[in-house]
Amino acid sequence: MKISNLKKIMVFGFLGNFFFERSIWMIFLQAKGLSMYEISILQMALNITMFLFEVPSGILSDKFGRKPPAFLGISFSIIYLIGMLYLNEFFYLVIVFIVYGIGISLLSGVDQSLIYEQLDYYGKQEIYHKTIGFYNAISIAALAVSALVGGWLAENKYWELIFYFGVLFQLMSLLFLYFIKDFYKLLPHNNKAKKSFFGIGILRVDGKVLFIICILGIFQGVFSSVVLYYQKVLDYAGVSIFYISILYSLSFVFSSFSSVMSGFVSEKIGEVKAVLLFSLLLLFSFFLSLSLNIGLLIVTFFVVLICYEIIDTSLGVILNHMLTPEIRGTYLSITNSLCAFVMTASFMIIGILSRYFEFSSLIFSYGIITILLYLSVFFIYKKKIVFS
């Protein structure tokens, strides 16, 4: 197996996840004069765009390969970073977030597909969980470093450097992408399984696959929203911007470790039991967070991100094992489209309810209600999930 190509994918993921504004972007927009309501609208614009473009981007990926959409996606991410820095009017910021949403859609699932299809080509699918876990760990490490550096730059008012560095690292990831070999067209394809450009018939899918898509999309959508809002929860608790960035960096370290660990956990107890175990731990953490004790908030913040990473990785592995190359990009995009829809609904709900309820308690209550419903459905239908 050509390990060198996998290493290129790892470096591509590492460089592409250096987003220095990731842990402080809401605070940055508030410094521009935007309200939390306006910020929620921006996030909704992003998620609506992702919802609309996820499936078309997946179909493009299945039609032309994994790299062409990724090149466009990185280019749009660079436009977003430049726009965030230089644009102040709300209308133009909405456009920038729409462009970024298209970019995220074009990039979604590319890394998973590149890795899985190389392993598939060499008959090494059984090591996918450990490989994607290591890839996620590297990507999270990049987020950790960039969050820490970004927080320090923000604390010292070097806002421009935050976005200049972001553009630089995206350009470097673009360079590495050029040298990555795409195994998609080397694999055998079932032409009958291919769908039209407009996706006609794409939802005629096995019930077990549809179940995992729904569970994964809803989980990602809700808890991605909760994690994004956590920076404001810590801000309202009196934690400074720089210390928030340190906490995010430390949490990324724990998440990175948990992403690697998820592969070993699944070997011992299986993906389904791992999902259930860490979902219960996630639920317990949200209940503890309702105390709004700053010490507990910090501890549960780490636990939430660790649980999120293990659950997300395990569900993603389950889904990838169920998919074939000619539909992988499309169905991963359907999952991400559902995630974007749920995130949009979450930001809308939280944005409205934040006018009437205490913000931090609202975030944790929303997480508790959602995970109770999600666990109930998972317990009822988990026997329908069949593994090879």
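Taking the Cα centre of the stretch 234-388 as origin, sum charge times position over the Cβ atoms of Lys and Arg (+1) and Asp and Glu (-1), and report the length of that vector in debye to the nearest 20. Please report the intermediate quantities before stating the final value.
Details: 7 positive and 7 negative charges, 80 e Å.
Dipole magnitude for the stretch 234-388 comes out near 380 debye.
Limiting things to C-alpha atoms, what are the Rg and the maximum Cα-Cα separation (Dmax) for the chain, in angstroms?
When restricted to the Cα atoms of the chain, Rg and Dmax are 19.8, 58 Å.
Taking N as the number of residues in the stretch 238-388, what is its alpha-carbon radius of gyration divided by 2.2 N^0.38 Å? Kindly include the intermediate steps, with their values, before the conclusion.
On the way: Rg = 17.0 Å, N = 151, 2.2 N^0.38 = 14.8 Å.
For the stretch 238-388, the normalised Cα radius of gyration is 1.15.
As I understand it, the dipole of the chain uses +1 on the Cβ of Lys and Arg and -1 on the Cβ of Asp and Glu, about the Cα centre. Which of 367, 127, 71 lies farthest toward its positive end?
127
In whole angstrom, how far apart do the alpha carbon centroids of the stretch 210-252 and the stretch 158-188 sit?
Cα centres, the stretch 210-252 to the stretch 158-188: 24 Å.
For the stretch 247-301, state the average projected area of the convex hull of the C-alpha atoms over all orientations, rounded to one decimal in nm².
On the way: hull surface 15.7 nm².
If I average the Cα hull's projected area over directions, I get 3.9 nm².
Report the longest stretch of the chain that contains none of the GluC sites (Glu not before Pro) sitting in a DSSP loop with at most 16 other Cβ atoms within 10 Å.
Values: sites that count: 89, 358.
Formally, the longest exposed-site-free interval is 90-357.
Have a look at 338, 377, 266 and report the one farthest towards the positive end of the charge dipole of the stretch 250-382, computed about the Cα centre with Cβ charges (Lys/Arg +1, Asp/Glu -1).
Sorting the options by dipole projection puts first 377.
Can you tell me the Rg and the Dmax, both Å, for the Cα atoms in the stretch 321-378?
In order Rg, Dmax, the Cα atoms of the stretch 321-378 give 15.6, 48 Å.
Find the Rg to Rh ratio for the stretch 202-315, where Rh is the Kirkwood radius over alpha-carbon pairs and Rg uses the same atoms. Don't skip to the answer; put the middle values down first.
Values: Rg = 15.5 Å, Rh = 15.1 Å.
That ratio is 1.03, to two decimals.
Give the separation of the Cα centroids, the stretch 8-38 to the stretch 96-142, in Å.
Taking the Cα centre of each part, the stretch 8-38 and the stretch 96-142 sit 19 Å apart.
Cα atoms only: what Rg and Dmax, in Å, come out for the stretch 1-94?
Just the Cα atoms of the stretch 1-94 yield Rg and Dmax of 16.4, 53 Å.
At R0 = 25 Å, how high is the FRET efficiency between residue 130 and residue 186 if r is their beta carbon distance? Nearest 0.05 is fine. Walk me through the numbers on the way to the answer.
On the way: r = 23 Å, r/R0 = 0.91.
For R0 = 25 Å, the calculated efficiency reads 0.65.
All of the numbers you see were taken from the coordinates with simple rules; none came from a lab. Computed from a predicted structure; not experimentally measured. A quick note on method: Cβ atoms are made from the backbone with ideal geometry, for glycine too, and the neighbour counts reach across all protein chains shown.
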